[in-house]
Each structure stands twice: as structure tokens, then as C-alpha cells.
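Notes follow the structure.
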Amino acid sequence: MGNTEEKKTNNAPKSIHSGHRKRMREKYLRGGVNAFEPHEMLEMLLYTSISRGDTNPIAHRLIDKFGSFSGVLDASFDDLQTVDGVGESTAFLIKLIPAAARVYLEDRCDKSTALQSAKDYVNILRSKYFDIIDELPSILLIDASYRLIKWAAIGKGGKFSAQIDTKQLIHEVVHCNAAYVVMCHNHPSGNTMPSDTDITVTQNIKSLLDSVDCKLIDHI
């Protein structure tokens with residue numbers, strides 16, 4: 001149904017909406033993102049995959065279905081195509097947006113600068129976790145001059161928990177000759193308070209890293 005609807009939209013004749021896209025672009029150039037509601041931003045993004053017709057109703061249907069602008073971007077490729085007007089090309093575009101934003105944020109991080117505080121670690125980790133919706137344990141591997149060597153995921157998880165692969169952790173540390181490690185994992189629920197398990201895991205990982213002459217700086 002999604003593909004059929006999208007084809008119909010692409011072939012739509014000119015109507016009262018003629019010139020609307022140009023006006024929307026001009027509005028953006030004048031006022032930037034603050035001049036728009038979330039559904040309007042989504043509407044404009046859809047111009048790329050839906051060359052003709054009114055994308056406003058599709059944007060509304062997407063947000064109604066997934067609850068918010070971010071909910072639309074986090075939705076799966078298959079689920080997006082259950083919305084009328086959304087075919088494969090549109091679903092692909094939507095999934096590409098957070099991925100491109102993550103590359104942009106990562107590219108802005110200067111790896112040559114020494115990391116001096118938790119704020120520096122968070123700035124790097126924020127980009128790494130930008131489009132991740134499940135719990136994921138990871139590490140920042142840091143050299144003796146406090147410069148970032150590498151970011152690496154060290155396990156897999158679901159919505160509420162994750163398992164750390166300690167063998168992979170040690171392999172990464174030894175392979176990169178890291179002097180320091182910052183551990184990290186996200187809480188998809190939004191609760192940033194560490195659990196009792198988080199505290200125990202941190203203590204165990206600290207001991208494990210001590211055994212290979214590597215210091216755990218923080219667990220974020």
C-alpha cells in the first residue's frame with residue numbers, strides 16, 4: 001500500500017499547492033529551523049523522495065503513527081512503509097537522516113585535542129549514541145597523552161539491559177595499547193541514575209583493566 005500511495009503522490013497534477021514548496025524553502029532561508037513546526041520540517045525533508053504533490057499529510061500521518069519527529073526517525077524501515085504515502089525510497093531517506101547526523105557530529109570531534117574532562121567524553125559519546133535506541137555498552141580508548149584512539153562497542157543489548165563482552169574489551173585495550181578507558185552505556189528509558197548492577201560492573205571492569213595496566217577513568 002505504501003509504495004502505491006507514493007507513486008500516486010509523485011504523479012499528482014499541479015493544484016492549489018503549486019508554489020508551496022518554494023514558499024517553504026524561502027521561509028526556511030529567512031527564519032531557519034525555529035520558524036517551523038516538527039511536521040513542517042518532516043514535510044520538507046520528504047521533498048527529496050517525493051518529487052511532486054503535497055507531503056504535508058504524509059508528514060502528519062508519520063508523526064501521528066510514531067508519536068513525534070524523533071519517533072519517526074527512530075522507526076524501523078519496514079514500519080515506516082506501513083504509513084500511506086511512504087514507499088521504499090521515502091523510508092530509506094528517513095533512516096538516512098539520523099545516520100547522516102551521526103557522521104556529521106562525529107566529524108566535528110577533534111581527535112588531536114587532549115580530553116580533559118567528563119564534558120569532553122560526553123561530547124564524543126553523544127555523537128556515537130545519536131541513532132542508537134537499544135542499550136549498548138561501549139568504551140573510549142585513550143592514549144597516555146589523553147587523546148582519543150578509538151571508540152568501540154563491547155557488547156549488545158536490548159531495551160532494558162546489555163551484556164558486556166569482557167574478552168572483546170581486553171582485546172581492544174591491548175590491541176590499541178590504551179593507557180586509559182572511559183566506559184559508557186545508555187539507558188533508553190531516559191533514567192540516568194546508575195543501577196546497583198551498573199556499580200558492580202564498574203568495579204569489576206576496573207579490576208579487569210588494572211590487570212592489563214590500563215586505568216578506568218570514568219563510567220558514563
Return yes when Asp120 is open to solvent by 40 Å² or more (accessible area, probe 1.4 Å) and touching a residue at least 12 places away in the same chain (Cβ under 8 Å) and no when it is not. no
Regarding Ala101, is this residue of a type in the set (Gly, Ala, Ser), open to solvent by 20 Å² or more (accessible area, probe 1.4 Å), part of a helix (DSSP H, G or I) and in contact with a Phe, Trp or Tyr (Cβ under 9 Å, 6 or more places away or on another chain)? yes
For the range 134-152, check the following and say yes or no: at least one residue is without any contact (Cβ under 8 Å) to a residue 24 or more places away in the chain, within 17 Å of Ile220 (Cα to Cα) and either open to solvent by 30 Å² or more (accessible area, probe 1.4 Å) or within 14 Å of the chain's Cα centre (by Cα) (or both). no
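The values are calculated or read from the model by the stated rules, or taken from the named source; none is laboratory data. All of these numbers come straight from a predicted model, not from anything done at the bench. Because the Cβ atoms are built from the backbone with ideal geometry, glycine has one as well, and the counts that use them run over all protein chains shown. Ligands, DNA and RNA are stripped out before the accessible areas are found, and what is left, the full protein with its side chains, is counted by its heavy atoms. Shrake-Rupley method; radii C 1.70, N 1.55, O 1.52, S 1.80 Å.
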